[in-house]
Amino acid sequence: MNNLSIYQEKILSLAAKNKKIVALEDFNRSFEMRNPMCGDEVKVRIKLVNTKIIDISAVVRGCALCEASGSLVVELFKNKNVPDARFLNEFSNWLENTEKHLSDHLPIEMEIFEPIREIKNRHKCITMPFEATYKSIDLKENQKINQGIQNVSQTK
């Protein structure tokens, strides 16, 4: 069995976990994103207290990559402080630059997406749940509930 098939099994396992995620009922932050190019939809809901994510749901209707990413968002951020602002940029940079190694600022779990780095048109599928999470916890709007829906384009 090669590494690619191992990663595919891990991605499918994470995607299956995401299918069981139920949208939070008690939340104070949310954001929805849709990718009109492929049809992926992400709905993130967060219970944020100060700078701690008490609970989070990332309900995804889309491809296995987007579902796996949504599941990973929940695993990485539930009961944790808001992630560092550079997390999303470093993740995107790592995806785009196949010569770059995973940053020390990123959890090792992100390596599950290693085989997808060369498939540029699938990067949005992977980053969308993380982007929706960041948009929902925009701390500049700390006193307001950050709710919105955004359509994104998959091409760069």
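Summary table
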{"item": "Only one of Gly62, Gly70 that is buried (at least 16 other Cβ atoms within 10 Å of the Cβ) and either modelled with pLDDT under 95 or more than 13 Å from the chain's Cα centre (by Cα) (or both)", "result": "Gly62"}
{"item": "Every pair of residues 6+ apart whose Cβ atoms lie under 8 Å, when the first sits in the stretch 85-98 and is outside any helix (DSSP H, G or I) while the second is surrounded by fewer than 12 Cβ atoms within 10 Å (Cβ to Cβ)", "result": "Thr98/Glu118"}
{"item": "Residue satisfying all of: in the stretch 18-44; of a type in the set (Lys, Arg) and crowded, with 16+ Cβ neighbours inside 10 Å; nearest to the chain's Cα centre (by Cα) among these", "result": "Lys43"}
{"item": "Residue list for the stretch 4-48, restricted to those being more than 22 Å from Val82 (Cα to Cα) and in contact with a Lys or Arg (Cβ under 9 Å, 6 or more places away or on another chain)", "result": "Asn35, Met37, Cys38, Gly39, Asp40, Glu41"}
{"item": "Among residues of the stretch 20-50, those that are under 18 Å from His123 (Cα atoms), of a type in the set (D, E, K, R) and either touching a Gly at 6+ places or on another chain (Cβ under 8 Å) or modelled with pLDDT under 90 (or both), counted", "result": "3"}
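The values are calculated or read from the model by the stated rules, or taken from the named source; none is laboratory data. None of these values were measured; they are calculated from a predicted model. Please note: Cβ atoms are built from the backbone with ideal geometry, for glycine as well, and neighbour counts cover all protein chains shown.
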